[in-house]
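The values are calculated or read from the model by the stated rules, or taken from the named source; none is laboratory data. Predicted model, so just to flag it, every value in this text is computed and none were measured. Please note: Cβ atoms are built from the backbone with ideal geometry, for glycine as well, and neighbour counts cover all protein chains shown. Surface areas here come from the heavy atoms of the whole protein model, side chains and all, with no ligands, DNA or RNA. Shrake-Rupley method; radii C 1.70, N 1.55, O 1.52, S 1.80 Å.
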Amino acid sequence: MARTAIVAAAAFVMLTCMVARYGATVGGADRVVSDHARSFALTHPGWRVFWSAVTHTADPPVLLCAVAAAVAWLVWRRRYRAAAFTVAATVSARIVRLGVLYAVGRPRPAGRLTASAGWAYPSGHTTSATVTALTVALVALLVARNATVRTLVPLVAVAWAVLVGCSRVALVAHWPTDVVAGWLLGAAATFLLGWALSGAPGRPRTARRSGAGSRRSPAVTGRSGAGM
């Protein structure tokens, strides 16, 4: 987890420096992709409707309600450290994103096909969706006992975050590098915090297993002594 977080953070810093250096577009690639995305969406109404539906699943009010519900459920299940991890990951990523957003001050592409305002870099929808998806995935891996849940929940969550990022480009709300930065920032913030907390969401269950092993050891010792 630590290695993934460091790689994501380093890539985010490098990309941010490139965007700050080259301004609105990076090497012209951003503009080419954005222009093609807009032309395709305008000639394929169903495509635009699909991506609009996807992008609205990561609107701030939707994610706020989802995070609040998740935290409430974790507290009800007495998974206090997992609840704290969820809140901390969400808040820390938002603070960093806002700082970079105003420091870089990158304009959005012209001809946007969905409501959007403010600076572009990094993508807020993408960052929030990535943090939410990875937090859900980590908590599921460390807390869930059912193997199917532990497999499907992370896969679905990550796939959703990828789709949200793609929707921002498809609807010309962001440059492609805004979205890549959102994925990197979300991953770096979530994994760094998870590493710092040493896998906090799953500690209680691990401790119980260790305790059970400790209680069995006297019996084993006793049998060994009897054998001798």
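A few notes on this one:
- For segment 113-131, filtering for residues that are part of a loop (DSSP other than H, G, I, E, B) and surrounded by 16 or more Cβ atoms within 10 Å (Cβ to Cβ) leaves 8.
- Screening residue 173 with (1) aliphatic (A, V, I, L, M); (2) assigned to a helix (DSSP H, G or I); (3) at pLDDT 50 or above gives one miss only, at (2).
- Sole exception among (1) among the β-branched types (Val, Ile, Thr); (2) assigned to a helix (DSSP H, G or I); (3) surrounded by 12 or more Cβ atoms within 10 Å (Cβ to Cβ) for residue 95, by number: (3)
- Verdict on residue 31 being in contact with a Ser or Thr (Cβ under 8 Å, 6 or more places away or on another chain), open to solvent by 30 Å² or more (accessible area, probe 1.4 Å), closer than 22 Å to residue 171 by Cβ and touching a residue at least 40 places away in the same chain (Cβ under 8 Å): yes
- Identity of the residue in segment 67-87, small (Gly, Ala, Ser) and open to solvent by 50 Å² or more (accessible area, probe 1.4 Å), that ends up modelled with the lowest pLDDT: 84
- Residues of segment 6-20 that are among the small types (Gly, Ala, Ser) and within 13 Å of residue 103 (Cα to Cα): 20 alone.
- Of all the listed residues (155, 134, 141), the sole one being within 24 Å of residue 66 (Cβ to Cβ), without any contact (Cβ under 8 Å) to a residue 12 or more places away in the chain, hydrophobic (A, V, I, L, M, F, W, C) and open to solvent by 20 Å² or more (accessible area, probe 1.4 Å) is 155.
- Flag if residue 108 is assigned to a loop (DSSP other than H, G, I, E, B), open to solvent by less than 60 Å² (accessible area, probe 1.4 Å) and charged (D, E, K, R): yes
- Of all residues in segment 164-189, those that are more than 16 Å from residue 58 (Cβ to Cβ) have Cβ atoms under 6 Å from Cβ atoms of residues that are open to solvent by 10 Å² or more (accessible area, probe 1.4 Å) and assigned to a loop (DSSP other than H, G, I, E, B), 6 or more apart or on another chain, in 172/111; 172/112; 172/113; 177/26.
- Yes/no for residue 53 being free of Cβ contacts under 8 Å to residues at least 60 places away in the same chain and more than 19 Å from residue 97 (Cβ to Cβ): yes
- Flag for residue 132 being within 18 Å of residue 182 (Cβ to Cβ) and within 15 Å of the chain's Cα centre (by Cα): yes
- Only one entry of 180, 136 meets the criterion of being β-branched (Val, Ile, Thr), in a helix (DSSP H, G or I) and at pLDDT 95 or above, and that entry is 180.
- Out of 9, 2, sole residue that is out of contact with any Ser or Thr (no Cβ under 8 Å at 6 or more places or on another chain), open to solvent by less than 70 Å² (accessible area, probe 1.4 Å) and at pLDDT 85 or above: 9
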